[in-house]
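Notes for the one structure printed next.
The values are calculated or read from the model by the stated rules, or taken from the named source; none is laboratory data. Please read all numbers here as calculations on a predicted model, not as lab measurements. Just so you know, the surface numbers come from the protein's heavy atoms only, side chains and all, with ligands and any DNA or RNA stripped out. Shrake-Rupley method; radii C 1.70, N 1.55, O 1.52, S 1.80 Å.
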Amino acid sequence: MILGGCGDDNSSSASVNLKNAPIAEGTAPAFLKKGDKIALLSPSYTTPDSTIQKTADVLEDWGFKPVIGKSVGKVEAGKLAGTAEERAEDFENALKDTSIKAILCNRGGYGTIQLVDLIDPQLVKKNPKWVIGYSDVTTLHAMQTKAGVMSIHGTMSSSIAKTEGKDENSTLLRDLLKGEVPTYKVPKHKYNQKGKAEGILVGGNMATFVPLIGASDIDVFQNDGVILFMEEIGENLRNIDRMFHSIELHGVMENVRGVILGEFVSSGTDLDYESTEAMLSKYLKEYDIPVICGFPAGHDDINVPIVMGSKVKMEVTSDGATVSFDIKGEKKTVDTDKLTTPQSLPKALLKMMAGKTFDVEE
């Protein structure tokens, strides 16, 4: 099935929030039922046809009907899945199609920032659908949150195809789409900061969201009452240090009620810190907020789905931490220390999917 079409934008003034105004909890899109359609889109880098087909087969096994966007498989500038206009058109058409209930991004890399001014925010607001992905898809999560719609930071086609959907990242995503809402139990970490907090979950990949702060109509980071999630891959410590201080200089931390540090993969050793968490902990100690380290989301083998734009409650004790989502649905507890997703994706491949290196055949 092919997608096509565009929308109008007459909402520029309505989309602007005052700095430090409280951020609103998003609307949860409807959970999926058997036979619902999921659009497979490539808003960033291109993805091989074989990967798309394998993921489509998995979605059918889950009881859903895959719909492939028409820019999927195109190659622009050697890497992108079509021009920005083509990728934005795919996204808008998936929003307009009332039979499509979710949008699964095929991979990250780079390119979603090119779509910010091309996607009508009113279409996002009026057509709430689960947008799923991570890495460069962080931009789309910010767009969804700004429009008042929740989205899912989670695994994508590039990973689902590798495991044929049998890994726990994929099955947790499947269950969430069907209405099973997880509460995560996370093991203790030496750099955790104890406490309780609740707020609206924002963030994702640091290199992707930091450029959005103060620079676009999808800046959700300078609104009050947020829980900030951060993860990264392939950036050295000085770049992560620079990005965190940029967050501070923009005044974001005064709005943050708690921090969740996800996976930091291949961060390098260019500064003399034991780990990325050790470095960030040094700065986060200045704030009287709870901090969870080692949350299994991001560019590592375990990448559990989390709901962006939702109200989350986090509690950190000396024994560990919990993260829960204020969403109606069947609740279940997931002990992340017991997840057994096999190491199926080499670090070089993880870096490639993040856009740090590129190989169209992977």
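Whole-Hz ³J(HN,Hα) for each residue in region 204-221, computed from phi via Karplus 6.51 cos²θ - 1.76 cosθ + 1.60 with θ = phi - 60°, x for glycine and proline: what do you get?
Result, rounded to whole Hz: x, 6, 4, 5, 8, 8, 4, x, 7, 5, x, 10, 7, 6, 10, 6, 9, 8.
Would you work out the relative contact order for region 225-312, in percent, from Cα pairs under 8 angstrom that are 6 or more residues apart?
Worked out over region 225-312, it gives 36 percent.
Using 10 Å bins from zero, what percent of all Cα-Cα pairs in region 37-179 falls into each bin?
13, 49, 34, 5
What is the helix-to-structure angle for 49-61, meaning the angle in degrees between its Cα long axis and the longest Cα principal axis of the chain, kept from 0 to 90 and rounded to the nearest 10?
So the inclination is approximately 80 degrees.
If you roll a 1.4 angstrom probe over the protein chains with everything in place, what fraction of the accessible area of the chain belongs to carbon and sulfur, to the nearest %? Write down the numbers at each step before the final one.
Numbers: 6800 of 14350 Å².
Heavy-atom surface of the chain belonging to carbon and sulfur, 1.4 Å probe: 47 percent.
Only bridges with both residues in the chain count here: give the DSSP antiparallel percent, nearest 5. Before the final figure, lay out each step's value.
Numbers: 22 of 59 bridges.
Given both bridge residues lie in the chain, the antiparallel proportion sits at roughly 35 percent.
What list of ³J(HN,Hα) couplings, whole Hz, do you get for region 315-329 from phi and the Karplus terms 6.51, -1.76, 1.60, once you set θ to phi - 60° and write x for glycine and proline?
Rounded to whole hertz, the list is 9, 10, 10, 5, 9, x, 8, 10, 9, 10, 10, 7, 9, 5, x.
Heavy atoms of the protein only, probe of 1.4 Å, neighbouring chains included. What is the accessible area of Ser216 in Å², nearest 10?
Result for Ser216: roughly 40 Å² accessible.
Of Lys125/Lys332; Lys37/Lys328; Lys126/Lys146; Lys37/Lys311; Lys34/Lys313, which sit over 20 Å apart, Cα to Cα? Walk me through the numbers before you get to the answer.
Values: Lys125/Lys332 28 Å; Lys37/Lys328 22 Å; Lys126/Lys146 13 Å; Lys37/Lys311 27 Å; Lys34/Lys313 30 Å.
In this structure, Lys125/Lys332; Lys37/Lys328; Lys37/Lys311; Lys34/Lys313 lie more than 20 Å apart at Cα.
I need the phi-derived Karplus couplings for region 255-260: 6.51 cos²θ - 1.76 cosθ + 1.60, θ = phi - 60°, integer Hz, Gly and Pro marked x.
Karplus values, whole Hz, x for Gly and Pro: 9, 8, 9, x, 10, 10.
Per residue, how many Å² of accessible area does the chain show with a 1.4 Å probe? Provide the component values of the computation, followed by the final result.
Numbers: 14350 Å² over 362 residues.
Per residue, the chain has an accessible area of 40 Å².
For region 179-254, what relative contact order do you get, as a whole percent, if you take Cα pairs closer than 8 Å and at least 6 residues apart? Present the calculation step by step, with values, prior to reporting the outcome.
Numbers: 57 pairs, mean separation 24.6, N = 76.
Reported as a whole number, the value is 32 percent.
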